[in-house]
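Asker: Take a look at the following structure, please.
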Amino acid sequence: MFGVSNKKYTAIILSFVALLSLMSFCKRTEALELNLKNAYSSVNAGYANWNSGFVNVPRGEVWKLTADFGAIFDKGEFYSFYENNVLNHDIEGQNYVVSAQTHIRLLSSDFSLMGKLYGQFDNKWSDDLDMLYGLGYLGWSGKSGFFKPYIAFHNESSDYKSKEMGGKSASGRNGYTVGWTSAYFFSLWEEKFVLSNWNEFEFDRNDAYAEQQHGKNGINGGLTLTWKFYPHLKASMTWRYFENKLGYDGFGDQMIYMLGYEF
C-alpha cells in the first residue's frame, strides 16, 4: 500500500494530468470540428455528518473540499470531479477522490459510448480505481433537466487482498454497473433551484471485492438540492446513500452541506 504522502501526491498528480488532458482536448475542438454547447465548473467547501441520516453510521463528522468541471459538445460530453475528505483529521486520516466520466455519441445519435474512471485514495483503509465502459443514452435532455442512463462493465484495480481466500485480490473484472445522472431545474419564490441525482447499482462483484464491501451487489448514489441564491454562489444539501458500499455492511447514509462558487 502507498504511504500517506505518496497517496496525496498521486491524487494531486492525477488531478493535474486530467486537467492538462482536458485543456489539450478543448484546444483541439476546432480541429476536430466539435461544437461546444456548454461548459461549467465550481469549487465547493462544506461539512458532512455520517450520523445525521436515517441510519446512524458511526464515522463522525467530515469537512471537505471539492471541485468539478464539465463540458457538453455536439458529439459528446465530459465531466470531472475532485474531492478532498476528512480535513478535520490529521493527514493520515484523510482521503482523496478523482473522477472523470464521458459520453461519446454514436454516429451523431443519442446513444453513446460511455466511460468512467473513479479513483479513491485512502490513507488508512484501501486504494482503488474503478473503470467503467459501456453504453449510455443522451436523448432525454431539455431546458427543464435531463436523465442520462448507462450500463457498463466494471473493472477494478485495488490493493485489497482477502485473508480468508488466501490473499486473493479484488483487482480484475468486477461485474457490471447500471446507473444514471439526472437533474431537474426549477424556480420557487423567484429563486433558482436544481434537484439532481446520481445512482449506480453494482452487480455480480468478484469474490474479494464482495468480501470487502459485504455483498455481491451494492448501491451507491446521492440526491442533491441546490439553491443558486446569488450570481455565481450556491448552497446545496445532499442525501448520500449506499448499500454494501464504502466498506459498510448493509444500508447507510450521510448528509452533506456545501457552499460553492460557480465560474
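The values are calculated or read from the model by the stated rules, or taken from the named source; none is laboratory data. Fair warning: this is a prediction, and the values are worked out from it, not measured in the lab. Backbone-built Cβ (ideal geometry, glycine too); neighbour counts: all protein chains shown.
Asker: Mind checking which residues of region 210-245 are under 19 Å from the mean Cα position of the chain (by Cα), closer than 30 Å to Gly167 by Cβ and not polar (S, T, N, Q)?
Answerer: The answer is Gly218, Ile219, Phe242, Glu243, Lys245.
Asker: Looking at (1) surrounded by fewer than 16 Cβ atoms within 10 Å (Cβ to Cβ); (2) not in a loop (DSSP other than H, G, I, E, B), which is the only condition His154 fails?
Answerer: Every listed condition holds for His154 apart from (1).
Asker: Just wondering, is there one or more residues in region 141-163 that are touching a residue at least 12 places away in the same chain (Cβ under 8 Å), touching a Lys or Arg at 6+ places or on another chain (Cβ under 7 Å) and among the charged types (D, E, K, R)?
Answerer: yes
Asker: Taking interchain pairs and intrachain pairs at least six residues apart, which have beta carbon atoms under 7 angstrom, with the first residue in region 100-122 and closer than 13 Å to Ile72 by Cβ and surrounded by fewer than 17 Cβ atoms within 10 Å (Cβ to Cβ) and the second at pLDDT 95 or above and among the aliphatic types (A, V, I, L, M)?
Answerer: Ile104/Leu113
Conditions (1) under 23 Å from Asp128 (Cβ atoms); (2) modelled with pLDDT under 95, marked per residue:
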| site | (1), (2) |
| --- | --- |
| Ala11 | yes, yes |
| Phe16 | yes, yes |
| Ser24 | no, yes |
| Asn49 | no, yes |
| Asp68 | yes, no |
| Ala71 | no, no |
| Tyr82 | yes, no |
| Asp90 | yes, yes |
| Gly93 | yes, yes |
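Asker: Just to be sure, is Trp227 in contact with a Gly (Cβ under 7 Å, 6 or more places away or on another chain), under 25 Å from Glu262 (Cβ atoms) and without any contact (Cβ under 8 Å) to a residue 60 or more places away in the chain? It would help to see each step written out before you state the result.
Answerer: Details: in contact with a Gly (Cβ under 7 Å, 6 or more places away or on another chain): no; under 25 Å from Glu262 (Cβ atoms): yes; without any contact (Cβ under 8 Å) to a residue 60 or more places away in the chain: yes.
Taking the combined requirement at face value, the residue does not satisfy it.
Asker: Among the listed residues Gly215, Gly179, which satisfies the condition of being part of a loop (DSSP other than H, G, I, E, B) and within 30 Å of Ser236 (Cβ to Cβ)? Break it down into steps so the answer makes sense when it comes.
Answerer: Numbers: Gly179 fails: part of a loop (DSSP other than H, G, I, E, B).
Unique residue meeting the criteria: Gly215.
Asker: Could you count how many residues in region 78-126 are within 16 Å of Tyr137 (Cβ to Cβ) and either assigned to a loop (DSSP other than H, G, I, E, B) or among the charged types (D, E, K, R) (or both)?
Answerer: Adding up the residues that qualify gives 7.
Asker: For region 57-82, enumerate the residues that are buried (at least 18 other Cβ atoms within 10 Å of the Cβ) and among the acidic types (Asp, Glu).
Answerer: Passing the criteria: only Glu77.
Asker: In addition: For region 186-193, indicate whether the set of residues that are closer than 27 Å to Val57 by Cα and of a type in the set (Gly, Ala, Ser) is non-empty. Full working, then the answer.
Answerer: As a first pass, look at region 186-193 and keep what is closer than 27 Å to Val57 by Cα: none.
Scanning region 186-193, I find no residue that is closer than 27 Å to Val57 by Cα and of a type in the set (Gly, Ala, Ser), so the answer is no.
Asker: A further question follows. Has region 143-154 got at least one residue that is over 25 Å from Asp127 (Cβ atoms) and at pLDDT below 95?
Answerer: Yes, region 143-154 contains at least one residue that is over 25 Å from Asp127 (Cβ atoms) and at pLDDT below 95.
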